[in-house]
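Chemist: Below is a structure I'd like to ask you about.
The values are calculated or read from the model by the stated rules, or taken from the named source; none is laboratory data. Quick caveat, the model's predicted, so the values are computed rather than measured. Here the Cβ positions follow ideal geometry from the backbone for every residue, glycine too, while neighbour counts run over all protein chains shown.
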Amino acid sequence: MDLSFSAEEQAFRQEVRDFFAENLPSEMSDVVRSGSEMTKEMMDRYHAILNAKGWLATTWAPEFGGPGWSPVQRHIFEEEACRAYAPRIVPFGLAMLGPVLQQFGSKEQQDHYLPRILSGEDWWCQGYSEPGAGSDLASLKTRAVRDGDDYVINGQKTWTTLGQHANMIFCLVRTDPDVKQQQGISFILVDLDTPGIEMRPIRLIEGGHEVNEVFFTDVRVPAANLVGEENMGWTIAKFLLTHERTNIAGVGFSMQSLEEVKALARVVKRNGKPLSEDPLFAARIAQVEIDLEAMKITNLRMLYKAQKQGAPGPETSILKIKGTVIGQELKDLARRALGPSAAPFPGSLEGNLSLAPADHANDAARYFNNRKTSIFGGSNEIQRNILTKTMLEL
Amino acid sequence: MDFDLTEDRQMLSDSLTRYLKDKYPFEARNKVAYAAPYHAPDRWAELSELGAMFALAPEEAGGFGGSGFDISVVFEAMGRALCPEPVLGALLASRLLSAAGADQEALLAGTTKYAVGLGELEAPYALDLIETQARPSGDAYVLNGRKSAVYGGQVADIFLIAAKLEDKLAVFEVSADKASVTGYAMMDGGGAAEVVLEDVPAKLLIGDAASALQDAVNAGIVALCSEAVGAMDVLQTMTVEYLGTRKQFGRPIGSFQALQHRAVDMLTEIEQARSITIKAASELGGPDATRFASMAKNLIGRAGRLIAEESIQMHGGIAMTWEYPGSHYAKRLIMIDHQLGDTDFHLSRVIAA
């Protein structure tokens, strides 16, 4: 048993740290630090900075343009990115579709789409959930019917994150309604410029726009856009979900949030003293810190296992459940620390006055927005179902 | 023993609930709640006609209520409708005007709007740490300081300001046009203001005001707790309805025991929240009012978070949307913990008492 990183890993950490120090524009880290909305232009520019270094597609194999990192290296990269207040890499093309095409796509699909993901020419979004198919994803109803060389798609997708920036969407569609649900689903790539597609924004609880509904009415998509065989979509979906779940513990984010909450508690006053000296609040911080210390090791243990076995196992559901709860608790503490200063709706306070300390005006909004993390990517209830079946075998 | 409302209070509760349901349907509510000035003058006048403000003051002050239970009835109805009107400011002011023996007819009739400046950036909850200063100037006084998160301050005509006069805490009356007022929408809708006072002329209302201010805060806590109970009740009902109608895996999600038990935990906490609110209301104005107000606000803070977070989680994505009314109830429940002392502040008060 040895909990230390190897000399190579430590050198890698230093390399990543230096890279961010030298290459991350401060206007980007400022936006991340304050929790304000990132523009598409900024996200594209960040991707380009990483791509120039060959560090954009962190999970891709070298033959496709990935850096060939181990799970531990990816973890180190994530930690350092959070530490530098770097934006989050938009995952839909890079972390989700890329690995799917590498595993299941045709040579033509790989040659066409993968370089366009790296260059930013294509911006992908995800067409998975439907109004009637959330936790029960396999019950999805969006229909694709073969007609000559095309499929004709009708139906509705929802919770499509950053779809407003996208030109492409990958979808799960029903191609056979007469078999067991999971066996009649296909995975297909759709150009959002195709006639019959309408995207509508969904405004979230805190007022922001990051998700959308997508409506399909007689949308003709070339059959060549099918990934893998017809009706093997569920296999691909499950493969993709394991990739969606890498880094799901969000340890890097939580480490950064913990430092922010501690710093905030030192500057805000309660009962005439810094809040950090309030025993009740200090206890709240200490409890999350303990949970996070354990989570760091739990996360590394699972990374280690994944590295040895070649793939993450079902126990990653533990990372999703506990990791999101820790992240949410930290956002709760930041909101709480502000007291009445959390009151203003973001952007509604005009003039020079501020209530919250710098970079904390959005903390209440961030708390509310962050409630999504225990719902998306397979809700924490679904993760418990998975653990019940796979780990407890009940 | 009698846990029923009196006939008069039941009538007030029914008429306010009916009125708010009628005049504050959800979309209309959101328009008022998030568009300046976060207040609808017509609605305000009608609320006054229905007795919403008169119920807050005792008969000797021109009202017909003023007890903890009267306040509860008004604010529980407001919580059910998420009414964003600045009634909390009116209540706090009414308590102070009553303590001063001052006329409050215009407040109760809704023709003059009052807001009360208590908290400051560095003294958000504790009254004894207030730093706004008053000093005599001719026949009157001038004030210097900044009051933060003044609820209803964005539309107030008159501010009642808590300030230090020599060593004592006093309350002053300030005309809103003399102060520098910056209004804003709150996270959960409705308005508040930052009130900056730079040599602002003021009239002394109460010279030794510590106990009057504490009473006003206690009344405000009874109001917020009652509002929370109303909002919790609605959100719980919405959640249970959703559990009964939303189908996944071929059956209503409410048929899963994992969710059933969590819904029951919500129900249990709401009953507890209602009970502690009734207790705080019954003690209002008495010698133990502060201690029970703190107990109530602590429990409401904990229960409010549970109800808000669990209802969002059990709904799933839909309760993360602006369009779904439940998300706004959840926001109100969370943000109530940021007003007049949070869970931890009141816990420390209970420990110290």
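Table: residues versus (1) in contact (Cβ under 8 Å) with a residue 60 or more places away in the chain; (2) out of contact with any Leu (no Cβ under 6 Å at 6 or more places or on another chain); (3) closer than 23 Å to B:T343 by Cα.
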| residue | (1), (2), (3) |
| --- | --- |
| B:E76 | yes, yes, yes |
| B:R80 | yes, yes, yes |
| B:P84 | yes, yes, yes |
| B:L97 | yes, yes, no |
| B:K113 | yes, yes, no |
| B:L129 | no, yes, yes |
| B:P136 | no, yes, no |
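Chemist: Going through B:D177, B:D215 one at a time, which residue ends up being over 29 Å from B:A36 (Cβ atoms), assigned to a helix (DSSP H, G or I) and at pLDDT 95 or above?
Modeler: Matching residue, one of B:D177, B:D215: B:D215.
Chemist: Within the stretch B:302-327, track down each residue that is within 19 Å of A:R203 (Cβ to Cβ), more than 8 Å from every other protein chain (Cβ to nearest Cβ) and out of contact with any Ser or Thr (no Cβ under 7 Å at 6 or more places or on another chain).
Modeler: Residues satisfying the conditions are B:A308, B:I318, B:Y324, B:P325.
Chemist: Determine which member of the set B:L160, B:L205 is within 17 Å of the chain's Cα centre (by Cα), more than 13 Å from chain A (Cβ to nearest Cβ) and part of a strand (DSSP E or B).
Modeler: Answer to the selection: B:L160.
Chemist: Within the stretch A:156-186, how many residues are in contact with a Ser or Thr (Cβ under 9 Å, 6 or more places away or on another chain) and either modelled with pLDDT under 95 or in a strand (DSSP E or B) (or both)?
Modeler: 9
Chemist: Restricting the stretch A:238-269 to residues that are in contact with a strand residue (DSSP E or B) (Cβ under 9 Å, 6 or more places away or on another chain) and not in a helix (DSSP H, G or I), which is surrounded by the most Cβ atoms within 10 Å (Cβ to Cβ)?
Modeler: A:V268
Chemist: Let me ask you something else. Any residue at all in the stretch A:316-324 that's of a type in the set (V, I, T) and within 11 Å of chain B (Cβ to nearest Cβ)?
Modeler: There is at least one residue in the stretch A:316-324 that is of a type in the set (V, I, T) and within 11 Å of chain B (Cβ to nearest Cβ).
Chemist: Now, a different point. Look through A:A342, A:A365, A:A361 and report the one residue that is without any contact (Cβ under 8 Å) to a residue 60 or more places away in the chain, within 24 Å of A:L258 (Cβ to Cβ) and small (G, A, S).
Modeler: A:A342
Table: residues versus (1) in contact with a Lys or Arg (Cβ under 8 Å, 6 or more places away or on another chain); (2) surrounded by 21 or more Cβ atoms within 10 Å (Cβ to Cβ).
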| site | (1), (2) |
| --- | --- |
| A:I169 | yes, yes |
| A:D176 | no, no |
| A:Q183 | no, no |
| A:G196 | yes, no |
| A:G208 | no, no |
| A:V219 | no, yes |
| A:A224 | no, no |
| A:N231 | no, no |
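Chemist: Checking the conditions here, which among B:L259, B:L224, B:L267, B:L243 is out of contact with any Gly (no Cβ under 6 Å at 6 or more places or on another chain), assigned to a helix (DSSP H, G or I), within 14 Å of chain A (Cβ to nearest Cβ) and over 30 Å from B:K178 (Cα atoms)?
Modeler: B:L259
Chemist: Filtering the stretch A:366-375 down to residues that are in a helix (DSSP H, G or I) and either β-branched (V, I, T) or more than 7 Å from every other protein chain (Cβ to nearest Cβ) (or both), which residue is surrounded by the most Cβ atoms within 10 Å (Cβ to Cβ)?
Modeler: Here the answer is A:Y367.
Chemist: If I ask for residues that are within 11 Å of another protein chain (Cβ to nearest Cβ) and in a strand (DSSP E or B), which ones from the stretch A:201-217 would you list?
Modeler: Once the filter is applied, which keeps residues that are within 11 Å of another protein chain (Cβ to nearest Cβ) and in a strand (DSSP E or B), the stretch A:201-217 yields A:P201, A:I202, A:R203, A:L204, A:H209, A:E210, A:V211, A:E213.
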